[in-house]
1. Based on the Kirkwood radius over alpha-carbon pairs, what value in µm²/s does the Stokes-Einstein equation return for the translational diffusion coefficient of region 304-402 at 10 °C and 1.306 mPa s?
2. Going by average Cβ density within 10 Å per residue, which order do the peptides 259-267, 523-531 take, highest to lowest?
3. Rg (Å, one decimal) plus Dmax (Å, integer) for the alpha carbons of the chain?
4. Convert each backbone phi in region 263-268 into a coupling constant with the Karplus relation 6.51 cos²θ - 1.76 cosθ + 1.60 (shift: θ = phi - 60°), then list the ³J(HN,Hα) values in order as whole Hz, x for Gly and Pro.
5. Using Cα pairs under 8 angstrom and six or more residues apart, how large is the relative contact order of region 333-486, in percent?
6. Give, in nm to one decimal, the length gained when the segment between residue 502 and residue 525 is fully stretched (0.36 nm per residue of separation minus the Cα-Cα distance).
7. Where both partners of a DSSP beta bridge lie in the chain, what percent of those bridges are antiparallel, to the nearest 5?
8. Can you tell me how region 60-137 classifies by the Cα gyration tensor, rounded, prolate or oblate, using a/c under 1.5 as the rounded cut?
Amino acid sequence: MTESTEQTAPAAGQLDAPYLNGLNERQREAVLALDGPVLVLAGAGTGKTRVLTTRLAHILSSGLAWPSQILAVTFTNKAANEMRERIAHLLGRPVEGWWLGTFHSLAARILRAQAEMVGLKPNFTIVGTDDQLRLIKQLIAAEGLDSQRWPSRVVLGIIERWKDRGLTPDKVSRAEMAEVASGRILDLYHAYQQRLLTLNACDFGDLLLHNLTLFAKAPDQLRRYQEQFRYILVDEYQDTNVAQYLWLRALAQTHRNICCVGDDDQSVYGWRGAEVENILKFEQDFPGARVIRLEQNYRSTPHILAAASGLIAHNEGRLGKTLWTEINEGEKVRILGAWDGAEEARQIGDEVESLQRRGTQLQDIAILVRAGFQTREFEERFITLGIPYRVIGGPRFYERQEIRDALAYLRLIHQPDDGLAFERIVNLPRRGIGDTTLRQLNELARAQSLSLPEVARQVVATDELKPAARRALGLFMNDIARWRGLAQTMHHAELAQIVLDESGYTAMWRTDKSIEAPGRLENLKELVRALEDFDSLEGFLDHVSLVMENAEAGPRDQLSIMTLHGAKGLEFDVVFLPGWEEGLFPHPRALDENGIKGLEEERRLAYVGLTRARKVAVICHAGSRRIHNQWQNALPSRFLAELPAAHIERLDHQGFKPPQPGSVDWPVRSHGGGGYSGGGYPARRVAPTIDVEARIVPKSGGVYPSGKRVFHQKFGYGKVLTAEGDKLEIAFDKAGVKKVMAGFVVPAEQAG
């Protein structure tokens, strides 16, 4: 194949290629729609990965583009690796030289080639969260701000949200930063970005943000990439944030052959910047776009699909589709009621044992919770029953303390100006370089706009430090320089072992008597082994920064416990969904902060949970639950009343059928939107009377005039400052100024 700038139609024979066999009509249409923008609206379990990989294989096999002319974007490295393997299988050969990876890895690739244009060097460091927090903490102290009132994690979270929206410091409006850090958050953002440049470093948000800056400052470079990428494919488009959206839109303007695959009903990452509006407005952004709906589900039974579809139909912000399947009917979605969280765990434990006796493997069973605290009771129950389980989402290999410490040594050797790595390990193990010395170095670095390592190299030859500290610092800097020299001639895995041994870090853990020390030493050995799989130290460090994944060890047949967010993209034969109660699911924080938009995302999360199940879905709710060490009476989640009655069956663990929707005893959501009125289930426990209607306020700002005293269940008593529609701004006595929905407060005199 010769590289060409002209598109050619695929040969007739290629329309009968083996990789097209077995595709249904809509899947085939999505694969062959190669001209112009295409949105593939792929419902849960409809084979979107097959469509993506087959489409890529077809482009390559038809000679429409060289691998280097294809940009394929995924959200995880795992998805990218799976796509790479599938395409190699379809074509019968591996594909080299194409641009396949996550947003961050692809943006880093562009940035390394053009780093100087945004003030970086090509060997810049990509810093992680702990380094970011340390840097923000330093800047807060330098600005004289109260770190108790404005914690570094809060400030960093605000800066990250701005970056997700593609906002550099000069693009942030005064209104947005007025209430944070005494109105000085923008100064912190400016200082943070400048400090990163001094350190020759960037964070994950910068990878895309610097790309956007590069495209704006150097249109010739943008045109180069626009012309290069003749085909762009994007997976999980519903999870893109604004910066990712702007990046894709910029690159797609020349050829316009962009294919985005996603499901608006599975957009559940709004809390980390995802904008469902990106997929909803695709046709506006790309006029003439084709929308192809994949609706045949190959995963779940008709009852599960119908229950999930009936639930999600209550959302207004969606494009809409109707999932169907040829799978046999299966059993209805079951709803179990329990008296409390402990009994809920006992019921599910009994169900799991019953499934095991009938031959179901534990690896085919999952418990999906809304909040992390829910896992404790399940863990205790499964330990009692002797059921092997794993909690997915715990600390990962490269996030462990000893691994981060070792990586800091390697980062500083590779990148001489990495002040964050320097600060982490300059006194680890202890060398007599204390906080006072570090404070002096930081002050000098800020005053001279130099990195910490550069200042350290200078002050070891002066009298600014005390003799003992200067001597210790000099020995450390000499070691770093010597190891950097060895890096030029020695394999990086061998170098890592030498650094760990000669620095005293390995010896530190050998002499440590804690129970964790042996495991930490084994992890360090595994780190050295991991280095052997990479061609260079730079490649390994980039991998660590961008991937942060490690497979969990343990018995193969284990039940999985994870959050609903963590379950996205997975599937199991049997799925248990505990905790479907008001005050837990939908989560009150989502409702308080985002109102109807938050409720719709919570409903999408419920939809994701249901559609993880292939054969059996069981929803559970409790009449009371211990949350944050306090017992709380619980009403069934409003989502239960939205499930279509024809596809669900309500049973407790003794076979008792509770009231059905529509009966006088079933809790019915009041028109106010906050809770339920009516009987309340479980029927055999008499709970304290709750005046639900007293908590509901009509959605009108006029109900609460300025100055009105009110009560909020979470924030306590406060005074209304302003009211706009159903959104109130309230100065709470203890929690400060908050914006809340009117439906979640009552007049102070009614609070009792």
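1. So the translational diffusion coefficient is about 94 µm²/s.
2. Highest to lowest by the protection proxy: 259-267, 523-531.
3. Calculated on Cα positions, Rg and Dmax stand at 28.4, 85 Å.
4. Ordered by residue, 3J(HN,Hα) equals 9, 4, 6, 10, 7, 10 Hz.
5. Normalised by residue count, the contact order of region 333-486 is 16 percent.
6. 6.8 nm
7. 35 percent
8. Oblate, since a/c reaches 1.5 and b/c is not below a/b.
The values are calculated or read from the model by the stated rules, or taken from the named source; none is laboratory data. Note that the structure is a prediction, hence the values are computed from the model and not measured. With ideal geometry, Cβ positions are generated from the backbone for all residues, glycine too; neighbour counts draw on all protein chains shown. To get the accessible areas, we keep the full protein, side chains included, count just its heavy atoms, and leave off ligands, DNA and RNA. Shrake-Rupley method; radii C 1.70, N 1.55, O 1.52, S 1.80 Å.
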